[in-house]
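Inspection log for the structure reproduced underneath, given as structure tokens.
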Amino acid sequence: MAPRQDRHMPHDHSDHEHAHALLPSDPALRVKALETILTRKGLVDPAALDEIIDTYENRVGPKNGADVVARAWSDEGFRAALAVDATEVMRELGYYGRQGEHIVCTECTPSVHHMVVCTLCSCYPWSLLGIPPGWYKSDAYRSRAVREPRKVLAEFGVALPPETAVRVWDSTAEIRYLVIPLRPAGTEGMSVEELAKLVTRDSMIGTGLARVPG
Amino acid sequence: MSRVHDMGGRFGDGPVIPEPEDAPVFHKDWHARALAVTLAAGALGKWNIDTSRHARECVGNTDYARFSYYEKWIAALADLLVATDLVSRDDLSASDPEQQALSDKAMTADKVAAVLGKGGPADRDSDIPIRFAAGDTVVTRRPADNRLVDGGHTRLPAYAAGARGRILMLHGSHVLPDSNAHGLGEAPEPLYAVVFPAAELWAAPEHPDDEVVLDLWQSYLEPA
């Protein structure tokens, strides 16, 4: 098929400047202007915006992912179910949702450490970890995590033993990856709730390790 | 051939600056508003996630490099609103349109939980037969360009173009971004996780056993 250019969506603008250049240059004013325009035109309900923000500030965040990890550490059956269809498990737990429609869990072992990035944008399992931290969306992380993951890990204070391979997952599609970190030593007999407190956000992205108790 | 957003493997970006686990979700109020207004406008149904990603890639190379994360979102949103005729260029310049009644297409506060909870799954039935099985060796196409639209959206990063890898797993059939971003239909096809040795991608890999996995559509792949 001959390449063609679609007419209806933004593409490379040679005829006139980008529409976004018409907005104020200060980012806070720019957002405010856009919100005002959309509200006036009846396209956006400001109360819905408050609700979206409240969802990701207070309700959907890394505690969801930490619960999944703690259960995987505690229950062989749960772990097996994750391997078969993690998305279905998320539905059952109420952790299915936007940017968490297709979940795959990758489990760290002494021989393989897993780490997740999105080099093309900022894909991240929102329904399990919430909104990504600034560094995850930074040019430095996006460009370097695939080429020099060990140097990046060192910047997070993580040094892997030489016998451990690194497998970096570049989230190029709608599959969202959750890293199951290694269960720390000294956690035998701990409850799921206690274990979940040891599971950091970074350990579920693979730029950190789970906390050691004590 | 590649676009400014396609930065995997690029040199020169400096250190990654970690954040404490308890850092605020939104560092500034306007970050939160930018995210929320983008999601609420997306819920109007005038574009899909692939269109929206492509719009961010097309904000212009200079703007892409100088804009912070949520500035890219806002710029792309403004461009999409104009491209879909929801907002005019005059509206953006004057920013003082008359108040209109809330559209029945607008997401109201009571619908937010349901909309976010439902998400937008990308798996679809497809007539395209599955060509590869786990363990098969494949080569990615090169250059990593959209084959339907010149300069269009694609999810094959340049650093993985022409590389030899192994099929790790089949994810089922998913919407093809190269088509869907451009209003050419969802064109679902098989999607695979493909694993590449780091040495296949980089001149100086850090460790002989390191690997990179990418999710790649069947039409990005050829048998090795």
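Results, tabulated for the structure shown:
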{"read-out": "Given (1) at positive phi; (2) more than 20 Å from the chain's Cα centre (by Cα), number of the condition A:LYS151 does not satisfy", "value": "(1)"}
{"read-out": "Subset of region A:156-172 that is under 18 Å from A:VAL104 (Cβ atoms) and either of a type in the set (Ser, Thr, Tyr) or more than 8 Å from chain B (Cβ to nearest Cβ) (or both) - its residue that is nearest to the chain's Cα centre (by Cα)", "value": "A:SER171"}
{"read-out": "Selected residue (only one of B:ASP136, B:ASP150, B:ASP125, B:ASP96 is touching a residue at least 40 places away in the same chain (Cβ under 8 Å), in contact with a Lys or Arg (Cβ under 9 Å, 6 or more places away or on another chain) and surrounded by fewer than 21 Cβ atoms within 10 Å (Cβ to Cβ))", "value": "B:ASP136"}
{"read-out": "Qualifying residues in region A:128-148 (those that are more than 7 Å from every other protein chain (Cβ to nearest Cβ) and surrounded by 24 or more Cβ atoms within 10 Å (Cβ to Cβ)) - the one nearest to B:ASP210 (Cα to Cα)", "value": "A:ALA145"}
{"read-out": "Qualifying position, being among the hydrophobic types (A, V, I, L, M, F, W, C), in a helix (DSSP H, G or I), touching a Lys or Arg at 6+ places or on another chain (Cβ under 9 Å) and within 7 Å of chain A (Cβ to nearest Cβ), among B:ALA34, B:ALA40", "value": "B:ALA34"}
{"read-out": "Filtered residues of region B:68-95 (kept if of a type in the set (Asp, Glu) and more than 7 Å from chain A (Cβ to nearest Cβ))", "value": "B:ASP85, B:ASP90"}
{"read-out": "Filter result for A:PRO3 (at the interface with another protein chain (Cβ under 8 Å from one of its Cβ atoms), in contact with a helix residue (DSSP H, G or I) (Cβ under 7 Å, 6 or more places away or on another chain) and modelled with pLDDT under 95)", "value": "no"}
{"read-out": "Search result, residues across region B:100-114 that are within 7 Å of chain A (Cβ to nearest Cβ) and either among the hydroxyl-bearing types (Ser, Thr, Tyr) or touching a Gly at 6+ places or on another chain (Cβ under 8 Å) (or both)", "value": "B:GLN100, B:ALA101, B:LEU102, B:SER103, B:ALA106, B:THR108"}
{"read-out": "Yes/no for B:GLY117 being at the interface with chain A (Cβ under 9 Å from one of its Cβ atoms), free of Cβ contacts under 8 Å to residues at least 60 places away in the same chain, within 24 Å of the chain's Cα centre (by Cα) and surrounded by fewer than 17 Cβ atoms within 10 Å (Cβ to Cβ)", "value": "yes"}
{"read-out": "Selected residue (criterion: nearest to B:ALA187 (Cα to Cα)) from residues of region B:20-39 that are more than 18 Å from the chain's Cα centre (by Cα) and touching a residue at least 12 places away in the same chain (Cβ under 8 Å)", "value": "B:VAL37"}
{"read-out": "Pick from region A:44-95, criterion within 16 Å of the chain's Cα centre (by Cα) and outside any helix (DSSP H, G or I), ranking: farthest from the other protein chains (Cβ to nearest Cβ)", "value": "A:TYR95"}
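The values are calculated or read from the model by the stated rules, or taken from the named source; none is laboratory data. In this text, all values refer to a predicted model and were calculated from it rather than measured experimentally. Neighbour counts run over all protein chains shown; Cβ positions are idealised from the backbone, glycine included.
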